[in-house]
Amino acid sequence: MSRLPTYVQTAIETRLGLPLGLAAGYAKPGWCPRCGRAVIAGYDAPAIATLAIVDPHPATPLEEAAAIILGLPTWQLHGTPGRHQLSGRTWPGIRPITRHRPATECVVVIKHRCGFRPLATGPPIPTTNTTNHGFPENPPY
């Protein structure tokens, strides 16, 4: 499998404003190309997916209800920092087929809107793995 030339990759990232590699199934942190705010972008399914660009703040049940009333889609964020995945939760005009866990038991994120403050006001979701496992002083061998 051949890699894209650097100038092609740069051109795609410059035009989209998002990093390449979203097709790997993991949501990636980035910056909105229009307003410059931090976002998390990724596909919400392995096949027949939509690109989800969300604000990196967890929503409370009240904030999720406000998003539904305003007609904004929401997603559930799974995984660990650096390996997040998104799955669809609510979509305007489409009735949910299955029941979802309450927003108090999982991480719910709301669609990013340029020009508006994020609906969710919690602390930002960590997007990188900050644990540092250094080498032990006395190796076991």
At 10 °C and 1.306 mPa s, the Stokes-Einstein diffusion coefficient in µm²/s for the range 49-89, with hydrodynamic radius from the Kirkwood sum on alpha carbon pairs, is 142 µm²/s
With a Förster distance of 25 angstrom and the Cβ-Cβ distance between Thr50 and Thr127, calculated FRET efficiency to the nearest 0.05 equals 0.75
Shape descriptors of the range 39-131 over alpha-carbon atoms, Rg and Dmax in angstrom, are 12.6, 41
Amide H contacts under 5 Å for Ala45, restricted to residues at least 5 apart in sequence or on another chain and with H modeled in the peptide plane, are Thr50
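Under the 0.36 nm per residue contour assumption, what length would be gained going from the current alpha-carbon distance of Arg113 and Ile97 to full extension? If you can, show how the numbers build up before the last one.
Numbers: separation 16, 0.36 × 16 = 5.76 nm, distance 2.62 nm.
Full extension from Arg113 to Ile97 adds 3.1 nm.
Read-outs: derived from the displayed coordinates by stated rules, not from any lab. For clarity, every value in this text was computed on a predicted model and none was experimentally measured. Please note: Cβ atoms are built from the backbone with ideal geometry, for glycine as well, and neighbour counts cover all protein chains shown.
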